[in-house]
1. Under the 0.36 nm per residue contour assumption, what length would be gained going from the current alpha-carbon distance of Glu35 and Val164 to full extension?
2. What order, most packed first, do the peptides 182-192, 154-164 have when packing is the mean number of other Cβ atoms within 10 Å of each residue?
3. Which value results when the Cα radius of gyration for the stretch 27-238 is divided by 2.2 N^0.38 Å?
4. Rounded, prolate or oblate for the stretch 162-250? Axes are the square roots of the Cα gyration tensor eigenvalues, ordered a ≥ b ≥ c, and the cut-off for rounded is a/c under 1.5.
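A short reminder: the numbers here are calculations on the coordinates, not readings from a lab. Just so it is clear, the structure is predicted and the values come from calculations on it, not from any experiment. Glycine also receives a Cβ, built like all others from the backbone with ideal geometry; neighbour counts cover every protein chain displayed.
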Amino acid sequence: MMQAFRLLAVSLALAGTAFAQDLTTDLVGHWELDETTGTVAADSSGNGNNGTLMNGPTPSTDIPAAISGFSDRSLSFTAAADTSVTVPDSPSLGITGSITLSAWIKPTVDATIQQGIVEKWTAATGQSGYFLRLSSGECLTFCLLQAPGTVEITTTPRAIALNVWTHVAGVYDSDTQTLMIYVNGTQDPTTGTGPGPVDGPGLLMIGNAQGSNQFTGLIDDVRVYSRALTAAEVAALASGQGAPVPPATPPPVPPPPAGGRSSGDGANGDNGINDACWGGAIAAPRAGAGWMAVFAGLGLSFSRRRR
């Protein structure tokens, strides 16, 4: 009985974490844009792709409600000032296969120009790279550049709302050669097919498109993955499950209490899980408080049967 109880406890603990999406694997760039001072936009992916604030984009306390649990600030961009975050070229950003670009955006003007959200491309090698931007009508465009040649899809005529936080993502799956766009975690009806991007020496820019097509509004939590996120993972980002932490691991299995029964119906009628088991493996803080937290987190509770 004791062994069966332990297996049940482990299974329940693992079940409690099974619904959390993996949002850290192959995350090659993550700019939370939470800085309040200085000119560095730190990359929290661990790849060292730090950016530099150019021409004075300013911190803002206006942030998406969905990520308020781990985001303190967003960054405000102005097209007229040619503001941007500029990230140097690096091997980790030179993606040629599956890719996901995502960000929270809040455009504030009905622009007559396109507006770069996150872009890495260059014309020096016959146009190579990738970008996610708004069209002049605030529709979302996801594009891969193949030096020469491009493949892109757009949400036209479905525009992104002004003055509202929206989560946007572009996903390319190299296995199926399929491009997809997601808005607030829901896939847009438009898809496309084609080869992946070609690597080039261009900078990665946030809120700008290589010196043109500047963004006006707020941007937060920009991410680049070197894989195609699943629909469930994109939805998790849009719902705020994006804190950069590894998946949780269950607490260690507590040792059996001294003198505990292992099978059969004990003298106290607890079917082998006697006072020692309940007290040592579950209720006693030094051995079992972790399991009670797991059970509580799963909405379960246990109590001794009394006569």
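1. 44.3 nm
2. 182-192, 154-164
3. The stretch 27-238 yields a ratio of 0.91.
4. Rounded is the answer for the stretch 162-250, as its axis ratio a/c remains below 1.5.
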